[in-house]
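Taking it in order: structure first as structure tokens, then the write-up.
The values are calculated or read from the model by the stated rules, or taken from the named source; none is laboratory data. Here the structure is a predicted model, which is why all the values come from computation and not from measurement. Cβ atoms come from the backbone with ideal geometry, glycine included; neighbour counts cover every protein chain shown. For accessibility, only protein heavy atoms count, side chains too; no ligands or nucleic acids. Shrake-Rupley method; radii C 1.70, N 1.55, O 1.52, S 1.80 Å.
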Amino acid sequence: MATVDQKRSALPVPYAIDLPDRVRKERYFDPDFYQLEVDMLWPRVWQMACRLEEIPEPRDFVEYEFLDQSIVVLRTDDMDVKAFQNACRHRGVKIVEGRGTCESGFVCPFHGWCYGLDGANSFVPRRRTFSEHNLQPEDLDLVPVRCEVWGGCAWINLDDDAPPLRECLEPAASILDAWKVESLRTEWWYACRLPVNWKLAIEAFVESYHVVQAHPQLVIPTRYGLREGAPFDPRAFVDADIQYLRAMSDGMAGMVHANDVQVAEGLRDIELPADPKLAMTTWNRTLNDAVTTWHRDRGADMPDINALDAEGINLEFFQCFPHYFVLPMYSSASSYRFRPLGPEETLMELWSLTRYPEGTARDRPTPPEPWEAGDPRWPPIPTQDFSNLPRQQKGLHAKGFEYMRLSEGVEGHISNLQRTVDGFLAGLPHDKLLPALHTVNVYPFDQPIVDLGF
């Protein structure tokens, strides 16, 4: 007899990716396609539910919401992390909202049913008024949700058959472990309501093809000694690289942390060889050493960046399929999370994550009030992206537009991502999907289109 997964694998996918360099427009707004994602994708994937620093103490909890689901993520007395479906077993009322600390467990605010920290039902008011078949112990406890911890975050999955978290996040997990991603802490946390499909929002951040047109402040030719007809000038190269770092710091509100820019400024007078390749290598190694030393001297848990470079790790972009991203540069990182709010609306959250001296007291981060895409408080680079995305979403509805035409060489990540989504929608078993996840989770930008094996 065929298994459930084998039966699922026969399901057709509407608007499927037939040619890997073409993406049908309906995938970004068709209600039925969106509903298929709701049914077949999101319940089967690992989702970043919260940062662990949101629940730093025993009995702290947060509510994680996605689509029509609500999950309680709880720090236990022994500092483990557990998760439960946020619904009273009596009549389905949410037992918590937002975040807080439960001193003795959870109490339903409607009729007072009680649950311990382990999710076990501990009290049913007027218990004798219920029939015995409605009081079976195994039916009264909160429904547990798979929960695992990695990278300073708690992750949940509604699929009991999904592979373990780390297995689904490789190779990003191992590389970011070497970079000590778990030592990062929240510096700030913003959120934006984007009037676009969740995949469209993600795709704006997984290729650099748009940089020249959309982010002209990042195009600094002398950063690589490329002034046409001019000899390589080491001094101009250093000045240009620091200009780029500052543009990334100011434009992204910290993708290159201000501390690291300050370290680079202190090296501005460095003497470099006249040979371009040797000069660039010397500068990069010197800056990496200086950043590593600066953070270690102040007591932060900081990896040796040059040691990582020697292992061939080019830290710049990691996706944890489907909705979480880490973009590390030097000591710190920007981080993104995308959650669909409808076929054409997405909540995008942005974190600035950095390292603090061990033992530094930090306030518990709280969810930000989402800003609109056009809010003037956004830094310049997100502002530029957010101005294009709504225009793109509207343009997809044009009668004469049928599909996106992707560059095989520099927009391959979009194709790889979309075809991985198709694998879930077709109901492929997890062992068939894992190689695709590992392809999507790789780095750097501008991935080519690759064979996913299905």
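Which part of the stretch 157-175 falls in the paramagnetic zone of D304, meaning amide N under 18 Å from the point 7 Å along Cα-to-beta-carbon? Answer for this model: 175.
For the stretch 225-301, report the translational diffusion coefficient in µm²/s to the nearest whole number, using Stokes-Einstein at 25 °C, 0.890 mPa s, and a Kirkwood Rh over Cα pairs. The diffusion coefficient I find is 185 µm²/s.
Here the peptides 371-377, 116-122 are ranked by packing, the mean other Cβ count within 10 Å, and the order with the highest first is 116-122, 371-377. Extension gain for the segment R377 to R22, taken as residue separation times 0.36 nm less the Cα-Cα distance, is 124.2 nm to one decimal. Placing a label point 7 Å from the Cα of D118 along the Cα-to-Cβ direction, the residues of the stretch 135-159 whose backbone N falls under 17 Å from that point are 137-145. Using the Cβ-Cβ distance between R166 and D269 with R0 = 35 Å, the FRET efficiency computed as 1/(1 + (r/R0)^6) comes to roughly 0.20. Label-to-label distance, L278 versus E316, with points set 7 angstrom from Cα along the beta-carbon direction: 2.6 nm.
Charging the Cβ of each Asp and Glu at -1 and of each Lys and Arg at +1, and nothing else, the dipole of the stretch 10-120 about its Cα centre rounds to 240 debye. All alpha carbon pair distances within the stretch 89-198 were sorted into 5 Å bins beginning at 0; the resulting P(r) in whole percents reads 2, 8, 13, 14, 13, 14, 13, 10, 6, 4, 2, 0.
Please find the FRET efficiency linking A236 to E53, where r is the Cβ-Cβ separation and R0 is fixed at 41 Å, and quote it to the nearest 0.05.
0.50
Full extension of the chain between L135 and T101 gives 9.4 nm of extra length, using 0.36 nm per residue less the Cα-Cα distance. Relative to the longest principal axis of the Cα atoms of the chain, the long axis of helix 276-297 lies at roughly 50 degrees. Direction-averaged projected area, Cα convex hull, the stretch 210-367: 11.8 nm², rounded to one decimal.
Taking only the alpha carbons of the stretch 346-454, we obtain Rg and Dmax values of 18.8, 59 Å in that order.
Helix-derived [θ] at 222 nm for the chain: sum -39500 (n - 2.57) over DSSP H runs of at least 4, divide by residue count, nearest 500?
-8500 deg cm²/dmol
Using DSSP to call loops (not H, G, I, E or B), can you name the trypsin sites (Lys or Arg not before Pro) in the stretch 277-366 whose Cβ has at most 11 other Cβ atoms within 10 angstrom?
R362
Report the GluC sites (Glu not before Pro) located in the stretch 39-112 that are in a DSSP loop and have at most 10 other Cβ atoms inside 10 Å of their Cβ, or state none. Answer by residue number: E103. Assign one of three labels to the stretch 1-142, namely rounded, prolate or oblate, based on the Cα gyration tensor with a ≥ b ≥ c the square roots of its eigenvalues; rounded applies when a/c is under 1.5, prolate when it is not and a/b is larger than b/c, and oblate otherwise. Prolate. With a cut-off of 11 Å between beta carbons, the residues surrounding D160 carry a summed charge of 0, where Lys and Arg count +1 and Asp and Glu -1.
At 1.4 Å probe radius, can you tell me the per residue accessible area of the stretch 143-221 in Å²?
In whole numbers, the stretch 143-221 has 37 Å² accessible per residue.
All other residues whose Cβ lies under 10 angstrom from that of R99 are scored, Lys and Arg at +1 and Asp and Glu at -1, for a net of -3. Projected label points at R296 and S174, each 7 Å from Cα along the beta carbon direction, are separated by 2.5 nanometres. Within the accessible area of the stretch 111-251, the carbon and sulfur atoms contribute 51%, probe 1.4 Å, all protein chains present.
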